[in-house]
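The next block holds one structure in the form of structure tokens; read it before the comments.
The values are calculated or read from the model by the stated rules, or taken from the named source; none is laboratory data. No experiment lies behind these values; they were computed from the predicted model shown. All Cβ positions, glycine included, derive from the backbone under ideal geometry; neighbour counts span all protein chains shown.
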Amino acid sequence: MGTLPPVSQGAPLEDIDTPALIVELEAFERNLERLQSAMRGSGARVRPHAKSHKCVEIARRQIKAGAVGICCQKVSEAEAFVDGGIRDVLITNEIVGPAKVRRLAQLAQRARVGVCVDDARNVTELSRAANAAGVVLDVLVEINVGGNRCGVAPGDDAVQLALAVKNAPFLRFGGLHAYHGSAQHLRGMGERRAASQAAAAHARATRDALARYDIACETITGGGTGTCFFDCGSRVYNEVQPGSYIFMDADYLRNEWQHLPMFEPSLYVLTSVMSTCTPGRVVVDAGLKALSVDSGMPIVRGSAGHVYSNPSDEHGIITPGPDVPPPGLRDKLKLLPGHCDPTVNLYDHIVAVRAGRAEAVWPIAARGAVW
């Protein structure tokens, strides 16, 4: 059973109970428009990655802005979005095991569903499940373009796997998944551009190899928030999958952006000061169970030098900035998370704030959907 919303609609920011996850709608909406505007004329579709937000309402707004559908990572995640009315979902991951594969095929009875493979044994498993469910599954071959996670080798190995998909009943070869995850947080623009170019070269070579076997490659998809502008510029990718762009986080802000369209932070953990009894130390009610620190500590917004550190389960320490008054008891602070995706997964709701008031409370329907 989920928790109650931390505030009622229309309430001012200071009435939101904490810790709470909030999104500032003005910045969020500018981020939506910046991405779609930048992609116009590029030849690339936008299929945002919903693992960043896990929220049906946000997916609806992305599609209304021009996205063709969404990406997910897990079957249970995709189920939450299809239950919410999203009808085009690509699972950018390998789905292995009888229970998961069966539910994936059953989900394709209600929506267009795609999935990735990097092993012929998985192709057989998917084909049998699709047959049992009476559906045709879109299947993309994932190639390793430098991320060194999942993915078959580009070129001939990928061609052989694509042939297996093409020849399997109840499956349709949908193209190539060529996502370079570790490139997204390379700090320098030159580093990210070079990684994107290398990934595109692998995808291009594989597409050309498929053509020699008369296998049409309808889609080449990949590209996250850190590289999507380079990826679509290659004219190899015709679909990109940025996720964090709607929220941004402290880690993405460490990237160099220069002339690229810059997305703004819009997602914060709202926290309250709960103790000031020790001089020079302020304790807030947001700790490890309220935000993720795998990519570093959060930034205190508008902090005048305040620094967050030393999180424990339910507490965080704020060291006040020099020459400014420290926060007082019950004061509220906004923390920009180091990593937005796992932070979102800690909450049942996002409070959508406009002009300092709660305009809406959005359920995070896929929270905890990790299988």
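Kindly indicate the residue of the range 218-250 that is polar (S, T, N, Q) and under 18 Å from the mean Cα position of the chain (by Cα) and also surrounded by the most Cβ atoms within 10 Å (Cβ to Cβ) among those meeting that condition.
THR227
If I ask for residues that are closer than 21 Å to LEU161 by Cα and touching a residue at least 60 places away in the same chain (Cβ under 8 Å), which ones from the range 73-99 would you list?
Across the range 73-99, the qualifying residues are LEU90, THR92.
Looking at ARG60 and the list (1) in contact with a Phe, Trp or Tyr (Cβ under 8 Å, 6 or more places away or on another chain); (2) modelled with pLDDT of 95 or more, which single condition is not satisfied?
Of everything listed in (1) in contact with a Phe, Trp or Tyr (Cβ under 8 Å, 6 or more places away or on another chain); (2) modelled with pLDDT of 95 or more, ARG60 misses just condition (1).
Are there any pairs, at least 6 apart or on different chains, whose C-beta atoms fall under 7 Å, with the first in the range 14-25 and of a type in the set (Gly, Ala, Ser) and the second crowded, with 23+ Cβ neighbours inside 10 Å, and if so, which?
Within 7 Å, the pairs are ALA20/LEU270; ALA20/VAL351.
Out of the helices (runs of 4 or more DSSP H) lying entirely within the range 188-286, which hold 2 or more residues that are of a type in the set (Val, Ile, Thr) and in contact with a strand residue (DSSP E or B) (Cβ under 9 Å, 6 or more places away or on another chain)?
Fully inside the range 188-286 and qualifying: nothing.
Among the residues of the range 106-140, which ones are in a strand (DSSP E or B) and touching a residue at least 40 places away in the same chain (Cβ under 8 Å)?
Within the range 106-140, ARG112, GLY114, CYS116, VAL117, ASP138, LEU140 qualify.
So, of the residues in the range 251-282 that are surrounded by fewer than 20 Cβ atoms within 10 Å (Cβ to Cβ) and of a type in the set (A, V, I, L, M), which turns out to be farthest from ARG45 (Cα to Cα)?
MET274
Output the residues belonging to the range 53-96 that are part of a helix (DSSP H, G or I) and hydroxyl-bearing (Ser, Thr, Tyr).
SER76
Name the one entry in ILE58, ILE22, ILE70 that is of a type in the set (A, V, I, L, M, F, W, C) and either more than 27 Å from CYS232 (Cβ to Cβ) or more than 16 Å from the chain's Cα centre (by Cα) (or both).
ILE22
I need the full set of residues from the range 251-265 which are charged (D, E, K, R) and within 17 Å of the chain's Cα centre (by Cα), in order please.
If the condition is that a residue be charged (D, E, K, R) and within 17 Å of the chain's Cα centre (by Cα), then ASP251, GLU264 are the ones that fit.
Among residues belonging to the range 72-115 that are farther than 22 Å from ASN345 by Cα and either among the β-branched types (Val, Ile, Thr) or in contact with a Ser or Thr (Cβ under 6 Å, 6 or more places away or on another chain) (or both), point out the one that is surrounded by the most Cβ atoms within 10 Å (Cβ to Cβ).
Here the answer is VAL115.
Is it fair to say GLY233 is touching a Cys at 6+ places or on another chain (Cβ under 8 Å) and not polar (S, T, N, Q)?
So GLY233 does not fit the description; no.
Would you call ALA130 among the small types (Gly, Ala, Ser) and either surrounded by fewer than 19 Cβ atoms within 10 Å (Cβ to Cβ) or touching a strand residue (DSSP E or B) at 6+ places or on another chain (Cβ under 6 Å) (or both)?
For ALA130, the condition - among the small types (Gly, Ala, Ser) and either surrounded by fewer than 19 Cβ atoms within 10 Å (Cβ to Cβ) or touching a strand residue (DSSP E or B) at 6+ places or on another chain (Cβ under 6 Å) (or both) - is met.
What are the residue pairs meeting all of these: first residue in the range 318-332, first residue farther than 12 Å from PRO279 by Cα, second residue among the small types (Gly, Ala, Ser) and not in a loop (DSSP other than H, G, I, E, B), Cβ atoms under 8 Å, and 6 or more apart or on different chains?
LEU329/SER275; ARG330/SER272; ASP331/SER272; LYS332/SER272
From the set of residues in the range 319-356 that are in contact with a helix residue (DSSP H, G or I) (Cβ under 7 Å, 6 or more places away or on another chain) and of a type in the set (D, E, K, R), which is surrounded by the fewest Cβ atoms within 10 Å (Cβ to Cβ)?
Ranking the qualifying residues of the range 319-356, first place goes to ARG354.
Run down ALA199, ALA211 and say which single residue is assigned by TED's automatic domain parsing to the domain that holds GLY181 and either surrounded by fewer than 22 Cβ atoms within 10 Å (Cβ to Cβ) or in contact with a Pro (Cβ under 9 Å, 6 or more places away or on another chain) (or both).
Testing whether each residue is assigned by TED's automatic domain parsing to the domain that holds GLY181 and either surrounded by fewer than 22 Cβ atoms within 10 Å (Cβ to Cβ) or in contact with a Pro (Cβ under 9 Å, 6 or more places away or on another chain) (or both) leaves just ALA211.
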